[in-house]
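Data first, discussion second: the structure below is written as structure tokens.
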Amino acid sequence: MPMERIAGQRRHRAAYVVWAVTLWALIVFDAFPAQAYTELGPNTKSDFRLWTPVYLTVKLPASFLAYMEVNPRFADDVTNLDQLLLRPAIGYQLTDHVSIWQGYAWVGNYNQPSPTRFFEENRIYQQVNYLHKFSHLKFLSRTRLEERWIEHADGTAVRFRQMFRADVPIPPAPTWAVVVYDEIFVNLNTVGTITSKGPEAGLDQNRFFLGVNKIFNQHVNVDLGYQNQMINNRKLEGNANLINHILLLQLWINL
């Protein structure tokens with residue numbers, strides 16, 4: 001088979017994956033009753049935010065992996081610290097493409113309107129990653145299940161998260177890539193009491209990102225772009241109660 005034809009087929013496959021990730025995002029936006037993004041309701045607010053997470057992944061002997069994340073998030077038009085996430089995990093590389101993870105997360109919530117200015121959350125989570133590097137594309141599927149213990153809310157909140165991501169290199173600049181990903185969050189149960197509410201079952205939020213990735217060397221790369229975060233508070237009227245416009249700058253370190 002001529003090399004030009006093979007290269008053409010690979011480019012088509014890469015394009016199909018990018019369109020599939022984009023289609024996933026569009027389906028998510030319209031898949032729930034009342035169409036979350038169009039029926040905003042009187043309680044809808046928006047904010048400009050800055051997220052600057054750093055992710056460290058270290059290969060250990062015998063196919064084990066170590067992970068650490070430090071994730072500060074600034075809100076109120078980037079004037080106040082809103083959240084700080086510390087998220088360590090241990091993983092195992094099952095195959096060339098599949099890894100499994102068990103992790104913990106501490107979440108500090110700062111400058112909150114109520115019931116207190118600060119409250120914390122503790123989580124444990126299980127995760128499966130599928131990563132495939134094609135000649136013209138890198139594709140990632142991340143599936144995560146979280147068990148959450150939130151201050152001022154009784155019970156264990158369980159949340160499912162699914163992310164699809166595609167990195168497409170830019171031919172004239174091979175160390176640069178266009179990145180698109182979407183992640184949906186769904187609460188699987190309702191927790192809390194009448195006076196101490198927790199998350200309610202159903203759609204929790206959706207995050208859509210479009211930006212670029214820059215590879216500096218085999219150990220360091222950076223994402224920079226725009227992330228739209230739609231948060232759905234089911235206690236209020238309308239499905240999209242908070243829409244955050246986020247400048248996302250995230251640093252990946254792989255050792």
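Between a first residue in segment 90-106 that is of a type in the set (Asp, Glu) and a second residue that is at pLDDT 95 or above and part of a strand (DSSP E or B), which pairs have beta carbons less than 9 Å apart while being 6 or more apart in sequence or on different chains?
Short answer, once both residue conditions are applied: ASP96/LEU131; ASP96/HIS132.
Would a scan of segment 186-196 turn up a residue that is touching an Asp or Glu at 6+ places or on another chain (Cβ under 9 Å), free of Cβ contacts under 8 Å to residues at least 60 places away in the same chain and more than 29 Å from GLU121 (Cβ to Cβ)?
Checked against the condition, which is being touching an Asp or Glu at 6+ places or on another chain (Cβ under 9 Å), free of Cβ contacts under 8 Å to residues at least 60 places away in the same chain and more than 29 Å from GLU121 (Cβ to Cβ), segment 186-196 yields no hits at all.
In contact (Cβ under 8 Å) with a residue 12 or more places away in the chain, within 23 Å of LEU224 (Cβ to Cβ) and surrounded by fewer than 13 Cβ atoms within 10 Å (Cβ to Cβ): which single residue out of ASP82, ASP47, ASP77 fits that description?
Working: ASP82 fails: surrounded by fewer than 13 Cβ atoms within 10 Å (Cβ to Cβ); ASP47 fails: surrounded by fewer than 13 Cβ atoms within 10 Å (Cβ to Cβ).
Just one listed residue meets the conditions, ASP77.
Keeping to segment 103-122, report how many residues are assigned to a strand (DSSP E or B) and either more than 17 Å from the chain's Cα centre (by Cα) or among the acidic types (Asp, Glu) (or both).
Let us first name the residues in segment 103-122 that are assigned to a strand (DSSP E or B), namely 103-109, 119-122.
If we keep only those that are either more than 17 Å from the chain's Cα centre (by Cα) or among the acidic types (Asp, Glu) (or both) as well, we get 108-109, 119-122.
Of the residues in segment 103-122, 6 are assigned to a strand (DSSP E or B) and either more than 17 Å from the chain's Cα centre (by Cα) or among the acidic types (Asp, Glu) (or both).
ALA20 passes all but one of (1) modelled with pLDDT of 55 or more; (2) under 18 Å from the mean Cα position of the chain (by Cα); (3) within 19 Å of GLN227 (Cβ to Cβ); (4) exposed (fewer than 14 other Cβ atoms within 10 Å of the Cβ); which number fails?
All conditions are met except number (3).
Being acidic (Asp, Glu) and either over 21 Å from the mean Cα position of the chain (by Cα) or buried (at least 16 other Cβ atoms within 10 Å of the Cβ) (or both) is the filter; apply it to segment 133-181 and report the residue that is nearest to GLU200 (Cα to Cα).
At the first step, the residues of segment 133-181 found to be acidic (Asp, Glu) are 146-147, 151, 154, 167.
Cutting the leftovers down to either over 21 Å from the mean Cα position of the chain (by Cα) or buried (at least 16 other Cβ atoms within 10 Å of the Cβ) (or both) gives us 146, 151, 154, 167.
Working: GLU146: 15, GLU151: 15, ASP154: 12, ASP167: 34 Å.
Out of the qualifying residues, it is ASP154.
Let's see how each residue does on (1) closer than 21 Å to PHE139 by Cβ; (2) assigned to a helix (DSSP H, G or I); (3) at pLDDT below 95:
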site: ARG11; (1), (2), (3): yes, yes, yes
site: TYR37; (1), (2), (3): no, no, yes
site: PRO42; (1), (2), (3): no, no, yes
site: ASP47; (1), (2), (3): no, no, yes
site: LEU65; (1), (2), (3): yes, no, no
site: THR95; (1), (2), (3): yes, no, no
site: ILE100; (1), (2), (3): yes, no, no
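Do you know which of the residues in segment 111-127 that are in contact with a Phe, Trp or Tyr (Cβ under 9 Å, 6 or more places away or on another chain) and exposed (fewer than 15 other Cβ atoms within 10 Å of the Cβ) is nearest to ASP182 (Cα to Cα)?
Checking each candidate, the answer is GLN126.
Given (1) more than 19 Å from ARG148 (Cβ to Cβ); (2) surrounded by 13 or more Cβ atoms within 10 Å (Cβ to Cβ); (3) among the small types (Gly, Ala, Ser), identify the lone condition not met by GLY108.
The single condition GLY108 does not satisfy is (1).
Can you tell me which residue is farthest from the chain's Cα centre (by Cα) among those in segment 228-238 that are under 11 Å from ASP204 (Cβ atoms) and modelled with pLDDT under 85?
Only one residue tops the list, namely ARG234.
Any residue in segment 228-246 that is farther than 21 Å from VAL107 by Cα, surrounded by 18 or more Cβ atoms within 10 Å (Cβ to Cβ) and in contact with a helix residue (DSSP H, G or I) (Cβ under 9 Å, 6 or more places away or on another chain)?
Checked segment 228-246: no residue is farther than 21 Å from VAL107 by Cα, surrounded by 18 or more Cβ atoms within 10 Å (Cβ to Cβ) and in contact with a helix residue (DSSP H, G or I) (Cβ under 9 Å, 6 or more places away or on another chain).
What number goes with the only condition from (1) under 21 Å from the mean Cα position of the chain (by Cα); (2) not in a strand (DSSP E or B) that THR190 does not pass?
(1)
Kindly evaluate TYR125 against the criterion of being closer than 25 Å to PHE74 by Cβ, part of a strand (DSSP E or B) and hydroxyl-bearing (Ser, Thr, Tyr). Walk me through it before giving the result.
On the way: closer than 25 Å to PHE74 by Cβ: yes; part of a strand (DSSP E or B): yes; hydroxyl-bearing (Ser, Thr, Tyr): yes.
The answer is yes for TYR125.
Does ASN217 satisfy the criteria of being in a loop (DSSP other than H, G, I, E, B), at pLDDT below 95 and of a type outside the set (A, V, I, L, M)?
Working: in a loop (DSSP other than H, G, I, E, B): yes; at pLDDT below 95: no; of a type outside the set (A, V, I, L, M): yes.
Criteria not met by ASN217.
Based on what the data block shows, is TRP149 aromatic (Phe, Trp, Tyr) and either assigned to a loop (DSSP other than H, G, I, E, B) or closer than 30 Å to ALA62 by Cβ (or both)?
Details: aromatic (Phe, Trp, Tyr): yes; either assigned to a loop (DSSP other than H, G, I, E, B) or closer than 30 Å to ALA62 by Cβ (or both): no.
So TRP149 does not fit the description; no.
With the condition kept exactly as written, say whether any residue in segment 195-204 is within 16 Å of THR52 (Cα to Cα) and part of a strand (DSSP E or B). Break it down stepwise before answering.
Filtering segment 195-204 down to residues within 16 Å of THR52 (Cα to Cα) leaves none.
Looking through segment 195-204, none of the residues is within 16 Å of THR52 (Cα to Cα) and part of a strand (DSSP E or B).
The values are calculated or read from the model by the stated rules, or taken from the named source; none is laboratory data. These numbers were taken from a predicted model, which means no experiment stands behind them. Because the Cβ atoms are built from the backbone with ideal geometry, glycine has one as well, and the counts that use them run over all protein chains shown.
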